[in-house]
Amino acid sequence: MNLDSYLNGAALILGVTLSSVAGLLLVRKFFHLEKLKQCHEVGGYLLSVVGTMYAVLLGLVVVDAMTKFQNARAVVETEANSLADVFLLAEKLPQPKADSIRGLCHTYATEVIEHEWPAMGRGEIDKAARRDVVNLMKEVISFEPVNENQKAIYPIIVQEACQVWDNRRARTNLATYGVPAVEWFVLILGGIVTVVFTYFFAIESLAAQVVMTSMVSLLISLNLYLVVLFGAPFSGDLQVGNDALKVDKLIFENQLGLKTDDSNNHS
């Protein structure tokens with residue numbers, strides 16, 4: 001995340017907090033202190049129910065979003081590791097099968113890095129990358145081992161190729177399905193209801209109540225911001241990177257004797 005992303009997040013959280021304080025001041029302006037105090041007994045019970053329900057819901061959503069982000073990172077690492085294994089193990093296969101498999105590995109890594117990763121940021125997948133990995137699978141399973149060495153290596157290559165396919169499917173699914181709109185509606189509406197419920201309480205010190213309302217609003221907005229950051233692992237300000245695949249691409253190009261880009265040399 002860059003500085004602009006942090007500033008945008010801070011501005012959003014500050015805006016929500018100030019809006020909650022403005023709502024409190026508006027209520028205190030039109031409703032007398034004594035009338036608000038009459039709501040304390042019943043409002044306290046209702047606020048405990050509403051606050052508990054919303055806290056449980058928000059906590060579960062935040063945990064789910066963070067878990068999804070960690071799963072996305074693990075899926076990318078596993079996909080990259082399996083792709084590298086297929087490439088390196090293919091060296092033990094006879095020609096031209098070895099060159100064909102290794103070339104498809106390089107083609108797939110390049111397509112994912114250059115085209116599919118930007119597409120995932122828009123919630124889309126790259127059909128060319130899908131075609132490349134299907135071609136890789138077909139090329140691997142079409143081989144018939146003839147000696148003991150090949151018979152020992154072949155099942156491992158097939159397993160790793162299947163891992164590439166399975167993890168790619170998991171990655172694209174995570175990219176295309178973020179936080180549903182109805183979930184956002186419930187979270188935002190629940191946050192508004194929880195904050196508004198605090199307006200039915202009043203204490204003599206307006207400044208103290210402003211501070212307490214600000215803290216409630218701040219905590220809610222911070223948790224909602226976590227959902228924004230982690231809910232869509234491949235888009236937004238905080239994204240799962242493709243560094244593992246870049247390292248793969250660099251290894252492939254070095255092994256194949258291809259010219260590498262300067263942008264990959266630091267990976």
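Rule-based calculations on the coordinates, nothing more; no lab input. Here the structure is a predicted model, which means the values were calculated and not measured. Neighbour counts are summed over all protein chains in view; Cβ atoms, including those assigned to glycine, are modelled from backbone coordinates with ideal geometry.
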Lys, Arg +1 and Asp, Glu -1 on Cβ, resulting dipole of the stretch 1-137 about Cα centre, debye, nearest 20
600
What number results when the radius of gyration of the stretch 3-264, computed over Cα atoms, is divided by 2.2 N^0.38 Å?
1.48
What FRET efficiency do you get for Ile188 and Arg131 if R0 is 35 Å and r is their Cβ-Cβ distance, rounded to the nearest 0.05?
0.30
Report the rotationally averaged projected area of the stretch 48-97 based on its alpha-carbon convex hull, in square nanometres.
4.0
Determine the distance separating the Cα centre of the stretch 76-147 from the Cα centre of the stretch 22-59; give it in Å without decimals.
58
Exposure proxy check: Leu104, Leu189 ranked by fewest other beta carbons within 10 Å?
Leu189, Leu104
Using θ = phi - 60° and the Karplus form 6.51 cos²θ - 1.76 cosθ + 1.60, what ³J(HN,Hα) does each residue of the stretch 123-128 get, whole Hz, x for Gly and Pro?
x, 10, 10, 9, 5, 5
Once the dipole of the chain is set up from charges on Cβ (+1 Lys and Arg, -1 Asp and Glu), the residue from the list Leu58, Tyr199, Val158 lying farthest towards its positive end is Tyr199
Karplus 3J(HN,Hα) series, Hz, for the stretch 19-36 with 6.51 cos²θ - 1.76 cosθ + 1.60 (x for Gly, Pro):
5, 5, 5, 4, x, 4, 4, 5, 5, 5, 6, 9, 10, 5, 4, 5, 5, 5
Only Cα pairs under 8 Å and at least 6 apart count here; give the relative contact order of the stretch 3-264 as a rounded whole percent.
36
Listed by chain and number, the lysines with an alpha carbon less than 19 angstrom from that of Lys37, same-chain partners under 8 positions apart left out, are Lys29
Top positive-direction residue, dipole computed over the chain with Cβ charges, set Phe230, Val179, Leu89
Val179
Compute, for the stretch 149-206, the length of the dipole vector about the Cα centre, with Cβ point charges of +1 (Lys, Arg) and -1 (Asp, Glu) only. Units Debye, rounded to 20.
440
Return Leu218, Leu93 ranked ascending by Cβ neighbour count within 10 Å, so the fewest neighbours appear first.
Leu218, Leu93
How do Cys105, Cys162 line up, fewest other C-beta atoms within 10 Å first?
Cys162, Cys105
In whole Hz, with x marking every Gly and Pro, tabulate ³J(HN,Hα) for the stretch 103-117 from phi via Karplus 6.51 cos²θ - 1.76 cosθ + 1.60, θ = phi - 60°.
x, 5, 4, 5, 4, 5, 4, 5, 5, 5, 5, 7, 10, 6, 5
Of Lys92/Lys138; Lys68/Lys138; Lys68/Lys92; Lys151/Lys246, those spanning more than 29 Å from alpha-carbon to alpha-carbon
Lys68/Lys138; Lys68/Lys92; Lys151/Lys246
Volume per residue, Å³, of the convex hull around the alpha-carbon atoms of the stretch 90-215?
156
